[in-house]
Amino acid sequence: MLDKTQRDNVTPFPGNPAAKIAGVSGVAQYGLQPGTTPLLAELAATLQDTLNTCTGHGAAAAAKAALRGYVCDAALLAPVHKQGDNENYKRHLLYASPDGNCTVLALVWLPGQVTPIHGHTAWGAVGVFEGNPFCENYDVSYNDNGAMGLHSKMKMRLQSGDLATVRPGIDDVHRIGNDTQRRAITIHVYGRDLVAEPSSLNIVFGQ
């Protein structure tokens with residue numbers, strides 16, 4: 001996880017609702033959110049138990065392993081957490097650990113929606129629940145004058161059940177989007193308290 005000094009230049013995603021994380025009631029709260037399913041409650045308990053014994057990227061790998069048994073199950077998400085937004089991809093808060101060590105989100109991508117190019121200030125684990133979103137990874141380089149450049153190195157077509165982890169900082173710079181004609185939904189676990197600091201997660205480089 002990046003420290004506070006390193007996070008001074010962190011920029012939240014622009015626009016609404018991507019820059020805002022809220023539960024069904026419109027107010028983010030700790031614990032399971034209203035409307036979550038019994039299977040989601042089981043996943044949250046599994047994650048909490050697992051992360052109590054893991055730190056750093058080991059926690060990301062453990063969260064990824066925990067997601068494997070749940071991310072493809074149709075019973076994981078309630079209908080309210082599958083709703084998208086025509087203006088931007090939507091982030092639904094599912095679970096926020098009371099001790100602040102992780103937050104679980106469902107991101108809903110309608111056709112044509114995509115993130116800016118970004119990195120994260122904390123570890124993360126991601127799984128595809130529905131659809132075929134893409135993830136494009138970037139290399140960060142510097143010229144002789146110290147100016148930063150971004151170069152696409154790989155664009156992957158994802159499918160239901162695919163899993164990945166991300167490291168904090170600029171070693172895992174990427175963007176995620178939906179360039180298909182169907183809705184896509186991804187489940188994200190991050191090692192940060194996004195109730196207390198909802199806009200602290202993303203290091204944004206550009207569109």
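The values are calculated or read from the model by the stated rules, or taken from the named source; none is laboratory data. This structure is a prediction, so every number in the text was calculated from the model and none was measured. For neighbour counting, all protein chains shown are included, and Cβ atoms are generated from backbone atoms with ideal geometry for every residue, glycine included.
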Reported set for segment 140-163 where residues are out of contact with any Cys (no Cβ under 7 Å at 6 or more places or on another chain), under 20 Å from residue 185 (Cβ atoms) and part of a strand (DSSP E or B) is 155, 157, 163
All but one of (1) part of a strand (DSSP E or B); (2) more than 19 Å from residue 40 (Cα to Cα) hold for residue 197; which doesn't?
(1)
In segment 22-39, is there at least one residue being assigned to a helix (DSSP H, G or I), out of contact with any Cys (no Cβ under 9 Å at 6 or more places or on another chain) and of a type outside the set (S, T, N, Q)?
yes
Look through segment 177-193, keep the residues that are in contact with a Phe, Trp or Tyr (Cβ under 8 Å, 6 or more places away or on another chain) and crowded, with 22+ Cβ neighbours inside 10 Å, and return whichever of them is farthest from residue 85 (Cα to Cα).
191
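Of the residues 140, 173, 166, only one is out of contact with any Leu (no Cβ under 8 Å at 6 or more places or on another chain) and of a type in the set (Val, Ile, Thr); which?
Working: 140 fails: out of contact with any Leu (no Cβ under 8 Å at 6 or more places or on another chain); 173 fails: out of contact with any Leu (no Cβ under 8 Å at 6 or more places or on another chain).
Result of the check over 140, 173, 166: 166.
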If you take the residues of segment 164-182 that are within 17 Å of the chain's Cα centre (by Cα) and not in a strand (DSSP E or B), which of them is modelled with the highest pLDDT?
178
